[in-house]
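Below is one structure; the comments refer to it alone.
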Amino acid sequence: MSDGGRRVFAGRGISLPTLGSIALVVVVAFAAGIGVGWGTGLVADRLAAPEPSVSATPSASATPTVAVSIPPLDPIDRDVDEADALAGIALLDVVREGDGSFATVTTDGEPSGGGASVRWVRVEYEEGLNMNGSALGQFVLDTLNDPRGWGARGRFEFVPTGGAPDLRIVLASPYTAAATCPDPHATAPAGALVDPSATPEPAVDPSTAASADPDASAEATSCADQGLVMLNHYDWLRGLDAYGDDRSGARAYLINHFVGHALGDEDVECTSGRALVMADQSDLAGDCDPNPWPWPDEPVPEPSPSADATAATRDDEG
């Protein structure tokens, strides 16, 4: 810079830095910039979100299954008789496994007022079982309301319904019965339906109570807890060995025994004499006599003569 220039700045009280001072400032600033950049990068590495890591998806846990074991089912080599027809049997074809859908055969009835408490009963059968639904429903209700049945001495009146029931009595194929109720002899809590002052929860549909699909999980509650009575269709057709040719008695026993479990009664043993209805009469001891009724000694009214019989009598008298 010329001497004139120095004089101009000197006159204003300003001194110019030397070239060495300027060079030093530049070097220091450059070094500081490098340091700041390095530090920022280090901190950024520490603060940055980590790369997502891929973890193995846990495998699904094994689903509990219902093991269904069905013994061989021999064909039934006889003709349909009158007792079969009264129990709703149209054909004696053995069906091992149905399709899991059910037909309701009862409609809403009216209580007669003859029982201390009303229990609503819905009767169903599995589709494909070749049943006369109206006859089946009538047989079941007649059995329940028999003077020797669970409603003896006006204890209960069992009334049919097509809606939400207290008891659901379902005739099902052997496979469906075994898959839906793996332990048919399980007992409902004591007094579940016995106390006339207690109102049980409505039973649930067999399809929701426990699936007939062996790959589906089993329900924690038993069929008896739900008021669900599953009757094996093969036993319904064939009868039970202890009853011989008395297949109507065997069918009444099947109804009353398993309804007894829904009422809270447990299985009992029979060693001799007349068996109690809660004895397992599918495997009855040789010294025991079969009995399908809870109160077998209650009197049964004589059936009134039919109009045809009365007319025939009058004709004979004439």
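The values are calculated or read from the model by the stated rules, or taken from the named source; none is laboratory data. The shown structure was predicted, so the numbers you read here are calculated from the model rather than taken from an experiment. Positions of Cβ are backbone-derived with ideal geometry, glycine not excepted, and every protein chain shown enters the neighbour counts.
Listing for the model above:
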{"read-out": "Among the candidates Ala135, Ala178, Ala152, residue that is among the hydrophobic types (A, V, I, L, M, F, W, C), touching a residue at least 60 places away in the same chain (Cβ under 8 Å), over 23 Å from Ser222 (Cα atoms) and surrounded by fewer than 24 Cβ atoms within 10 Å (Cβ to Cβ)", "value": "Ala152"}
{"read-out": "Checking Pro147 against (1) under 26 Å from the mean Cα position of the chain (by Cα); (2) at pLDDT 95 or above, the condition it does not meet", "value": "(1)"}
{"read-out": "Residues satisfying the stated conditions in the stretch 200-248, i.e. small (Gly, Ala, Ser), at pLDDT 50 or above and within 30 Å of Arg78 (Cβ to Cβ)", "value": "Gly239, Ala242, Gly244, Ser248"}
{"read-out": "Residues of the stretch 232-286 satisfying the condition of being surrounded by 20 or more Cβ atoms within 10 Å (Cβ to Cβ) and in a strand (DSSP E or B)", "value": "Asn232, Ala279"}
{"read-out": "Residue within the stretch 104-111 that is at pLDDT below 95 and within 26 Å of the chain's Cα centre (by Cα) present", "value": "no"}
{"read-out": "Considering residues of the stretch 254-272 that are hydrophobic (A, V, I, L, M, F, W, C) and closer than 13 Å to Ser222 by Cβ only, the residue modelled with the lowest pLDDT", "value": "Ala262"}
